[in-house]
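In what follows, a single structure is set out as structure tokens and then discussed.
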Amino acid sequence: MQKHTAILAAKIAEAHLGGGEKRIAAQHKKGKLTARERIDLLLDEGSFEEIGMLVTHRSQDFGMEKEIYLGDGVVTGYGTVNGRLTYVFSQDFTVFGGSLSETHAEKICKLMDLALKNGAPLIGLNDSGGARIQEGVVSLGGYADIFYRNTIASGVIPQLSAIMGPCAGGAVYSPAITDFILMVEKTSYMFVTGPNVVKTVTHEEVSSEELGGAATHASKSGVTHFACSNELDAINHVKKLLSYIPQNCEDKAPVYAYESNGNELRENIVVGFARIGGRSIGIVANQPAVLAGVLDINSSRKGARFVRFCDCFNIPLLVLVDVPGFLPGTDQEWHGIITNGAKLLYALSEATVPKITVITRKAYGGAYDVMNSKHIGADMNYAWPSAEIAVMGAKGAVEIIFKKDIDAAADPAQALKEKTDLYAEKFANPYGVAARGFIDEVIVPSQTRLKVMKAFAMLENKVVNLPRKKHGNIPL
Ligand code: HXC
């Protein structure tokens, strides 16, 4: 027996070395951790149970039969994060650049099947040169097997992708289907085709970082949800994110002792998680400091995606409204503000989680309807006394309906002011809508937290029965 256990111990030691010490040193030199070091940082100490450590590739071409690494470039298994079951795969760049072979894909698929059957989150730590070039088309099949499982698991278990190195070509579509993407600044990048292909096809000269680095995807494309300063920061973000979300769609988010938090992005809509009374909520808030908080294509899409995530995973929604309307202009119209704005409207309408709205200032026009109005299913609608709820801003309204009177007045500027004041007095307040019951209560700002907390507690057992359907057709 001793001989047998020694053989096993040698194999475990070999697997732990991945592609060997030289490649591990090269990985560290780039400022990157190894696949196993990342798992150690993510999971609770001693909780990791590895699956498939001894898997090897089956490739016989290009001398591959002589180059065998135990585990085949991906470490897979389960453990706990803050005591909660979590499945994780971590690509090992020291083995063929973390490239995806047939068996590498099989290991990830096996893990995804387990995560789905057992209803726990799946975390992917991506660091890969893409398809294993020596295997050709087999690895394409492997990718598609993963994409399919990502899709089936979507909305059932949370799926998070942390990009710790290259993620290029078709490989990007697995993270793209998952719920959240985190990228590490300077050492990770994502693109469908790299700088060389871009140069050949479009004659643009662009670096990897500029084309698909964390900053680009956080600020330009919106592909990534978090740009993290280093790998540890990314892993800590994963842990924090998990603390807000339930294990699966049948579960509720964990309840913690009172704490308040959130994250903010510089776009004209702010989305993020917070806790109120120790319970997770998702917040969608117009950001008046950027573009006056207007709804445009990007902010509508961003808001819609976040709302749908929260609804998938039973996270109640708080919508803070200060919106002057939709952004006008040819650029917005030609790029489809109609279809894209409809995404947010659709997402909030179909969401069945408890939904609360607080109008703090402006709620104008169609944006009033879209931002979780009573009419599209909000459960409780509050307004501050400063709220202005109207078809449009007072000046714009007056210029249309009193145009003739103003033009004919002896002092048009004075006439405009008088009419504007009159209109504002009538509509730029919350009382007209409160009289109609569109607002349930006008509250002073200092009462907001308490009111919202009590309302969420009241709504805790909310049940909504929607008509039977296969699935809706959100305007994509
Ligand atoms: C096999 C690969 C590999 C790959 C890297 N390696 N990518 N082996 N298949 N796809 C190996 C290298 O041979 C090298 O082996 C080791 O990994 C590290 O690679 P380096 O090039 O030394 O590292 P670095 O300089 O950091 O560059 C990383 C890289 C580069 C930018 C990822 O390796 C690269 O461009 N790789 C090819 C990327 C690619 O074109 N992939 C296929 C895309 S098509 P040694 O033995 O020296 O350590 C695709 C289709 C997916 O992915 C479609 C899905 C639907």
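Each value in this text was obtained by applying a stated rule to the coordinates, not by laboratory testing. These figures come from a predicted structure and were not determined experimentally. FYI the Cβ positions are ideal-geometry reconstructions off the backbone, even for glycines, and counts take in every protein chain you see.
Here are some notes:
- Proxy reagent accessibility, fewest Cβ within 10 Å first, across Tyr382, Tyr256, Tyr69: Tyr256, Tyr69, Tyr382
- Given charges at Cβ of Lys, Arg, Asp, Glu: the chain dipole, positive-most of Asn340, Ala176, Leu85: Leu85
- Lysine pair count for region 346-476 [Cα-Cα under 13 Å; pairs on different chains or 8 or more apart]: 10
- Segment Tyr148-Lys117, length gained on full extension (0.36 nm per residue, minus Cα span): 9.6 nm
- Hits among lysines - C-alpha to C-alpha of Lys32 under 16 Å, sequence gap 8 or more where chains match: Lys22, Lys186
- Per-residue Cβ neighbour rank within 10 angstrom, fewest leading, Ser139, Ser221: Ser221, Ser139
- Angle between the chain longest axis and helix 412-427 axis [Cα atoms, degrees, rounded to 10]: 70 degrees
- Here each label is just a point 7 Å from Cα along the line to Cβ, and for Arg436 and Ile133 those points are 6.4 nm apart.
- Those lysines that a straight Cα-Cα span of less than 18 Å connects to Lys66, excepting residues fewer than 8 apart in one chain: Lys11
- Rounded to the nearest 0.05, the FRET efficiency derived from the C-beta distance between Val391 and Leu54 at R0 = 51 Å is 0.15.
- Cα shape, region 1-140, gyration tensor, a/c 1.5 rule: rounded
- Using C-alpha pairs below 8 Å separated by at least 6 residues, the relative contact order for region 44-85 is 54 percent.
- Think of each Lys and Arg Cβ as +1 and each Asp and Glu Cβ as -1; about the Cα centre, that makes the dipole of the chain roughly 780 debye.
- Computed from the Cβ-Cβ distance with R0 of 30 Å, the FRET efficiency linking Ile68 to Ala9 stands at 0.95.
- Here the sum of -39500 (n - 2.57) over DSSP H runs of 4 or more residues, divided by the residues of the chain, equals -11500 deg cm²/dmol at 222 nm, to the nearest 500.
- Projecting label points 7 angstrom from Cα along Cα→Cβ for Leu450 and Ala25 puts them 6.6 nm apart.
- Peptide packing for 225-231, 84-90, 442-448, 202-208 was compared via the average number of neighbouring C-beta atoms within 10 Å per residue; ordered from the highest value, the list is 84-90, 225-231, 442-448, 202-208.
- Against the main long axis of the alpha-carbon atoms of the chain, helix 297-312 sits at an angle near 70°.
- Relative contact order for region 184-331: 17 percent, from Cα pairs under 8 Å spaced at least 6 residues apart, divided by residue count.
- Of Met190, Met53, the sequence from fewest to most neighbouring Cβ atoms within 10 angstrom is Met53, Met190.
- Relative contact order [Cα under 8 Å, 6+ residues apart], region 270-427, whole percent: 19 percent
- Crossing angle, helix 137-153 versus the chain [Cα axis fit, 0-90 degrees, rounded to tens]: 40 degrees
- Extension gain for Gln414-Ile400 works out to 3.4 nm (0.36 nm per residue, less the C-alpha to C-alpha distance).
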